[in-house]
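Some notes on the structure that comes next.
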Amino acid sequence: MRNHVGMQAKVNRYGYWFTLPFVVVFLIFNAWPTIYTFLLSFGNLEGLKPDFDIVGFKNYSKLFTDKYFWGAVGNTFIIWGLNFAPQLGLALLFAIWLTDVKIHVRGKNLFRAIFYLPNLLTAASVSLLYRSLFGHPIGPVNQILLKLGLIDNAFMFFRSVTASRLIVAFIQWWMWCGQTLILLMAAITSISPSLYESAVIDGANDWQCTWKITVPLLRPMMFYVLVTSMVGGMQMFDIPFLITGMHGEPDYKIRTSAVYMYNIGFQGKNNYSYAAAISVGVFIITTVLAVLINKITAERKPRKRRAYVVEGGVA
């Protein structure tokens with residue numbers, strides 16, 4: 001018995017040594033930067049100063065009344081909304097189509113690869129690609145529209161707020177729709193076929209099976225996609241930053257909260273403490289929204305019926 005206990009302790013000790021590299025890397029490159037960001041948000045570090053003093057909630061009081069910050073948050077939600085709605089809808093449609101046994105689509109793996117390929121491209125290359133596609137006046141999109149007679153003169157897409165937002169939202173959808181599709185397909189294939197067989201025996205058609213079985217059982221996965229997409233949307237930086245003039249032009253309507261944080265922290269006065277406060281503010285907003293979404297989408301337990309004693313029995 002003692003030998004068994006000693007061997008178990010030795011195995012546990014080796015396990016600690018194997019996990020130590022991960023713990024060290026996590027503490028240095030993840031935990032400490034996070035803690036330092038919170039500390040920095042209460043200071044006054046900017047410019048070339050080597051250290052900072054604690055100023056309390058001064059940065060947060062400024063953040064609360066900063067119209068540019070709230071404008072950037074509004075821009076972020078608009079672009080994310082334009083991206084997420086079609087992303088989830090089309091991914092769900094294609095996931096149901098590609099996993100339907102009756103349709104038996106050939107080359108499912110090929111379709112998965114094609115949909116997922118844009119996610120493997122770097123943001124810099126994608127930004128340059130779409131910048132040239134919608135370029136003025138000789139971009140391919142302008143040339144096609146001119147030849148079709150849809151416009152008389154070349155259109156300056158990146159001078160239009162609506163066009164710029166739609167382009168950025170389309171790029172985000174194009175890059176991330178494949179990942180959403182893979183997740184939804186994995187969730188659909190995990191649904192027991194016996195549920196569909198029972199529904200067919202009871203007389204349900206394909207439409208009823210989809211909306212009464214598939215979609216309700218996909219609710220946890222769609223909630224996961226919603227939350228992760230929202231977190232990623234609040235961190236949207238590379239495409240809006242690279243496809244415009246690095247400040248969210250035109251009229252700062254493409255400037256997301258992450259782009260605004262970068263502008264404050266690494267351009268101009270290099271106000272690192274206020275940029276840290278912005279990042280903490282974005283974190284708080286994201287956390288609150290995730291909790292609210294969880295509350296709204298959580299399954300509600302049926303209320304227990306109370307028994308009332310009445311004359312002649314129980315009601």
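The values are calculated or read from the model by the stated rules, or taken from the named source; none is laboratory data. Just so it is clear, the structure is predicted and the values come from calculations on it, not from any experiment. FYI the Cβ positions are ideal-geometry reconstructions off the backbone, even for glycines, and counts take in every protein chain you see. Only protein heavy atoms, including side chains, enter the accessible area calculation; ligands, DNA and RNA are left aside. Shrake-Rupley method; radii C 1.70, N 1.55, O 1.52, S 1.80 Å.
One table, with the values for the structure above:
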{"quantity": "Lysine pairs with alpha-carbon atoms under 21 Å apart, the chain, spacing 8 or more or separate chains", "calculated": "11"}
{"quantity": "Long-range HN-HN contacts of G43 with modeled amide H, under 5 Å", "calculated": "V55"}
{"quantity": "Net lengthening on full extension, S61/L129 (0.36 nm per residue, minus Cα-Cα)", "calculated": "20.4 nm"}
{"quantity": "FRET efficiency for V288 and K147, using Cβ-Cβ distance with R0 set to 51 Å, rounded to 0.05", "calculated": "0.55"}
{"quantity": "Calculated [θ] (222 nm, deg cm²/dmol) that DSSP helices of n ≥ 4 give over the chain, each run adding -39,500 (n - 2.57)", "calculated": "-21000 deg cm²/dmol"}
{"quantity": "Among I96, I28, I188, residue whose mean-square fluctuation peaks in a GNM of the chain (springs only between Cα atoms under 10 Å)", "calculated": "I28"}
{"quantity": "Gained length - R159 relative to Q267, 0.36 nm times residue gap less alpha-carbon distance", "calculated": "36.6 nm"}
{"quantity": "Segment 259-287-segment 122-178 distance, computed between alpha-carbon centres (Å)", "calculated": "29 Å"}
{"quantity": "Per residue solvent-accessible surface (Å²) - the chain, probe of 1.4 Å", "calculated": "65 Å²"}
{"quantity": "Computed log₁₀ I(q)/I(0) - Debye formula, equal Cα scatterers, no solvent, segment 106-199, q 0.24 Å⁻¹", "calculated": "-1.17"}
{"quantity": "Carbon plus sulfur fraction of accessible area for the chain, probe 1.4 Å, in percent", "calculated": "67 percent"}
{"quantity": "Förster radius 51 Å - calculated FRET efficiency between I296 and I28, Cβ distance, rounded to 0.05", "calculated": "0.85"}
{"quantity": "Dimensions (Å) - the chain, Cα atoms, principal axes, largest first", "calculated": "78, 74, 61"}
{"quantity": "Cα shape, segment 1-160, gyration tensor, a/c 1.5 rule", "calculated": "oblate"}
